[in-house]
Amino acid sequence: MNNKDIANEWFNFAENDLKSAKFLLQMKPQPLEIICYHCQQSAEKYLKGYIAFKGGELIKTNDLTLLNKVCIEYDGDFQVIMDDTIELIDYGVHVRYPFHFELEEDDARKAIESAEKIQSFILNKVK
């Protein structure tokens with residue numbers, strides 16, 4: 001399998017996470033933690049897909065800022081999405097466990113916006 005095919009597999013999974021987040025936003029009550037988690041997962045998979053596209057070695061981490069730093073090594077433009085990776089980083093771990101994590105609908109909407117920005121940015125880079 002070539003780098004583009006591997007990347008596309010990552011991108012397909014990432015897109016499904018983002019679609020899931022948007023769908024769950026329509027539920028009542030809204031599962032805000034799960035929505036934010038799917039946004040983090042989508043961003044993580046898009047970043048890993050880009051690394052795969054470039055032929056890089058994938059590292060096992062949920063740390064979006066670390067993954068973005070790897071992407072910056074390939075293309076300095078990735079600095080543009082650093083704030084979005086920071087916005088989503090806590091949603092990879094903290095929301096999956098029964099700890100008190102105060103979220104509001106606005107947090108979920110911001111998470112979706114950040115995930116969409118990362119999606120758009122990366123897909124434009126691999127065209």
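The values are calculated or read from the model by the stated rules, or taken from the named source; none is laboratory data. What you are looking at is a predicted structure, and each value in this text was computed from that prediction instead of being measured. Quick reminder, even Gly has a Cβ in these numbers, built from the backbone with ideal geometry, and neighbours come from all protein chains shown.
Here is how the numbers come out for the structure above:
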item	result
Meets criteria (of a type in the set (Phe, Trp, Tyr), part of a helix (DSSP H, G or I) and either touching a His at 6+ places or on another chain (Cβ under 6 Å) or free of Cβ contacts under 8 Å to residues at least 12 places away in the same chain (or both)) for Phe23	yes
Top-ranked residue of region 112-127 - restricted to ones that are over 9 Å from the mean Cα position of the chain (by Cα) and of a type in the set (A, V, I, L, M), ranked as surrounded by the most Cβ atoms within 10 Å (Cβ to Cβ)	Ile122
Verdict on Thr61 being assigned to a helix (DSSP H, G or I) and either among the hydroxyl-bearing types (Ser, Thr, Tyr) or farther than 28 Å from Lys4 by Cβ (or both)	no
Filter result (of a type in the set (Lys, Arg), within 13 Å of the chain's Cα centre (by Cα) and either surrounded by 15 or more Cβ atoms within 10 Å (Cβ to Cβ) or farther than 15 Å from Glu116 by Cβ (or both)) within region 17-59	Lys45, Lys48
In region 58-88, the residues that are under 14 Å from Gln41 (Cα atoms), touching a residue at least 24 places away in the same chain (Cβ under 8 Å) and not β-branched (Val, Ile, Thr)	Asn62, Asp63, Leu64, Asp84, Glu87, Leu88
Within region 77-103, considering residues that are surrounded by 12 or more Cβ atoms within 10 Å (Cβ to Cβ) and outside any helix (DSSP H, G or I), the one modelled with the highest pLDDT	Leu103
Residue in region 53-66 that is closer than 24 Å to Glu102 by Cα, out of contact with any helix residue (DSSP H, G or I) (no Cβ under 8 Å at 6 or more places or on another chain) and modelled with pLDDT of 95 or more present	no
